[in-house]
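Here the structure comes first, spelled out in structure tokens, and everything after it is commentary.
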Amino acid sequence: MSWHIGDLPHDAPNLIDQTAALLHDAFRGRTEDWQDLPSAREEVMASLASDRVSRVAINDDAGVVIGWIGGIPTYSGRVWELHPLVVGRPHRRRGIGRALVNDLERKIAARGGLTLWLGSDDENDETTVSGVNLYENVHGAIRDLAVVRGEHPCEFYRRLGFRVVGLMPDANGPGKPDIFFAKAVGGSDRQHG
């Protein structure tokens, strides 16, 4: 299967609907967000704002969306949030997610971005930071973070060079944290001092 990455066009309702369906399918039952198609479509439409980046991976043979990534500028464009990233279930573990992240990094570096960050919730007890009192030892919890079951993407992000930079305890309810990852982009991996 061949595929390519490009901007999600504002004037392509079919691709927008496919992207919303992809988002809804990937997160249905895993998180509180995007549990219906209207909320997923609303997220996709928000990604088309002129200051944001919205990129899709499209299957060249079928012309369908198989992956999507978005970027939101913060801190005057020096820091960008990766939000969201999704690859269709049949297309996972084929390098599409990695390619989408690498593409987003290039796009934001070209816009002057220095840091890319993301939050990855653990609402389903998939990591060692779920179901525990993180206030007792935040640094140790970050250091020892591991996936214990399920499909939590923390190892995927680590393989791409992201580092855990923080935790938000109880972000999604008692014992259900948000895990913050970040990495330098655009040549910003130099030492600061």
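FYI, it's all coordinate maths here, none of it is from the lab. Note that this is a predicted model, so its numbers are computed, not measured. Reconstructed Cβ throughout: ideal geometry from the backbone, glycine too, with neighbour counts over all protein chains shown.
Whats the longest run of the chain with zero GluC sites (Glu not before Pro) that are DSSP loop and have at most 14 other Cβ atoms within 10 Å? List each step's numbers first, then the result.
Working: sites that count: Glu32, Glu151.
Here the longest segment lacking exposed loop sites spans 33-150.
Sequentially through region 8-21, phi angles give Karplus couplings (6.51, -1.76, 1.60; θ = phi - 60°) of 6, x, 5, 9, 10, x, 5, 5, 4, 5, 5, 5, 4, 5 Hz, Gly and Pro residues having no value and appearing as x. Considering helices alone, the calculated mean residue ellipticity of the chain at 222 nm is -8000 deg cm²/dmol, with DSSP H runs of length four and up weighted by -39500 (n - 2.57) and normalised per residue. Remark: relative contact order (region 11-92) = 25 percent; criterion is Cα-Cα distance under 8 angstrom and separation of 6 or more residues. In region 1-80, taking the dipole from charged Cβ atoms about the Cα centre, the farthest positive-side position among Ala12, Ser76, Val53 is held by Ser76. Scanning residues 5 or more positions from Thr127 or on other chains, those with amide H under 5 Å from its amide H are Val148, with H placed 1.01 Å from N in the peptide plane.
Net charge dipole, the chain: roughly 820 debye, given to the nearest 20, about the Cα centre with Cβ charges of +1 for Lys and Arg and -1 for Asp and Glu.
Note that region 113-125 has calculated 3J(HN,Hα) couplings of x, 10, 9, 10, 10, 7, x, 10, 5, 10, 8, 10, 6 Hz, one per residue in order, obtained from phi through the Karplus relation 6.51 cos²θ - 1.76 cosθ + 1.60 (θ = phi - 60°); glycine and proline are x. Here the 3J(HN,Hα) profile of region 75-81, calculated from phi with Karplus coefficients 6.51, -1.76 and 1.60 at θ = phi - 60°, is 6, 6, x, 6, 10, 10, 9 Hz, Gly and Pro shown as x. Springs join every pair of Cα atoms under 10 Å in this Gaussian network model of the chain, and among Ser76, Ser47, Ser39 the largest mean-square fluctuation is at Ser76.
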